[in-house]
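Structure, as structure tokens:
The values are calculated or read from the model by the stated rules, or taken from the named source; none is laboratory data. All values reported here derive from a predicted model rather than from experimental measurement. Methodologically, a virtual Cβ is constructed for each residue, glycine included, from the backbone with ideal geometry; neighbour enumeration extends over all protein chains shown.
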Amino acid sequence: MVKVLWGVTGAGHWMRESASIFEKVASRTKVTVIMTRNGYEIAKLYGVLDVFKKYTGGYYSELEVDPNPLSHIYGRVLSKKYELFVLAPLSANTANKIADGIADNLVTTAAAMARKAGVTTILLPTDAPWVKETALPCTVHDNCVNCSVCPPQETCPTKAIVDGISKKRILLDRCIGCELCVTKCPYEAINCFEKVEINVHWLEVEKLKVLEKFESFIIVRSPEELSRIINEYLDVALNEGA
């Protein structure tokens, strides 16, 4: 049985795609999930936290959320108990820390240990020259007419939609990305996971160049490439262990 460590960081872009790939991987082998605090909140906001929870629980299938400075995960990484470490999605903040050798949370410390131990680590950065867009959380647009009786507000399971001055607002710390509000608004004033164009800062580009120099690190450019490489790795490893 191949043991995989999966790190989730606070990036909205490719969060849902990463969760979908994780689900397929977790159906094939044991996966331990570690999350930064922002990773946990963004996974909830983008409606996929339950996916990670569903496939974790039990020995080598734990889910740990930062902060946990005494986590047993670190020893496992150093002793190569995990054959594969996946960082998806990888936010610019976490990528920059790893490049600079900063180990200040569960994910960055595990990454430092993986680099020292030579554990194969696959990274899906969300801030890179080839990334041209990102996905926004659920948002109320200007065509909202601020109904006194608002169907999305009435049916939101977490009461995340509240009254604003000229339109409704979504409290992101309550939103779970279920998209029920999108289907309930008669004016189509709410969108979830809408794509917008972005420009990556030169600093992120330079940090990725540093990560590319780490011998055991593999940087992928898309969720499709991530899925392909993980499955190829698992196919070989599981066949060898058969």
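Quick check on region 208-242: of everything there that is surrounded by 16 or more Cβ atoms within 10 Å (Cβ to Cβ) and of a type outside the set (A, V, I, L, M, F, W, C), which residue is nearest to the chain's Cα centre (by Cα)? It comes out as PRO223. Report yes if GLY75 is in contact with a strand residue (DSSP E or B) (Cβ under 8 Å, 6 or more places away or on another chain) and either at pLDDT below 95 or surrounded by 19 or more Cβ atoms within 10 Å (Cβ to Cβ) (or both), otherwise no. Criteria not met by GLY75.
Test SER216 against the stated conditions and say whether it is in contact with a Gly (Cβ under 6 Å, 6 or more places away or on another chain) and either touching a residue at least 24 places away in the same chain (Cβ under 8 Å) or under 18 Å from GLU17 (Cα atoms) (or both).
On the way: in contact with a Gly (Cβ under 6 Å, 6 or more places away or on another chain): yes; either touching a residue at least 24 places away in the same chain (Cβ under 8 Å) or under 18 Å from GLU17 (Cα atoms) (or both): yes.
Judged against the criteria, SER216 is a match.
Out of the residues in region 111-168 that are of a type in the set (Lys, Arg) and surrounded by fewer than 17 Cβ atoms within 10 Å (Cβ to Cβ), state the one that is nearest to the chain's Cα centre (by Cα). Restricting to residues being of a type in the set (Lys, Arg) and surrounded by fewer than 17 Cβ atoms within 10 Å (Cβ to Cβ), the top hit is LYS132. Of the candidates ILE218, ILE165, ILE176, the single residue that is part of a strand (DSSP E or B) and either out of contact with any Phe, Trp or Tyr (no Cβ under 8 Å at 6 or more places or on another chain) or not assigned by TED's automatic domain parsing to the domain that holds ALA111 (or both) is ILE218. Scanning region 1-11 for residues that are in contact with a helix residue (DSSP H, G or I) (Cβ under 6 Å, 6 or more places away or on another chain), outside any strand (DSSP E or B) and modelled with pLDDT of 95 or more, we see that the one that is surrounded by the fewest Cβ atoms within 10 Å (Cβ to Cβ) is GLY10.
Scan region 180-206 for residues that are surrounded by 15 or more Cβ atoms within 10 Å (Cβ to Cβ) and either over 19 Å from the mean Cα position of the chain (by Cα) or part of a loop (DSSP other than H, G, I, E, B) (or both) and report the count.
Our first condition is that a residue be surrounded by 15 or more Cβ atoms within 10 Å (Cβ to Cβ); within region 180-206, this holds for 180-182, 184-185, 189-193, 200, 204.
Retained after the next criterion (residues that are either over 19 Å from the mean Cα position of the chain (by Cα) or part of a loop (DSSP other than H, G, I, E, B) (or both)): 180-182, 184-185, 189-193, 200.
Final tally of qualifying residues: 11.
Scanning region 14-57 for residues that are part of a loop (DSSP other than H, G, I, E, B) and either in contact (Cβ under 8 Å) with a residue 12 or more places away in the chain or surrounded by 18 or more Cβ atoms within 10 Å (Cβ to Cβ) (or both) yields a count of 10.
Selection of region 177-211 for residues being of a type in the set (Val, Ile, Thr), without any contact (Cβ under 8 Å) to a residue 60 or more places away in the chain and within 17 Å of LEU136 (Cβ to Cβ) yields VAL182, ILE190.
Could you tell me whether any residue of region 39-55 is acidic (Asp, Glu) and over 26 Å from ALA128 (Cβ atoms)? Scanning region 39-55, I find at least one residue that is acidic (Asp, Glu) and over 26 Å from ALA128 (Cβ atoms), so the answer is yes. On the basis of being among the basic types (Lys, Arg), under 29 Å from PHE85 (Cα atoms) and either part of a helix (DSSP H, G or I) or outside the structural domain of LYS44 (by TED's automatic domain parsing) (or both), does ARG228 make the cut? Judged against the criteria, ARG228 is a match.
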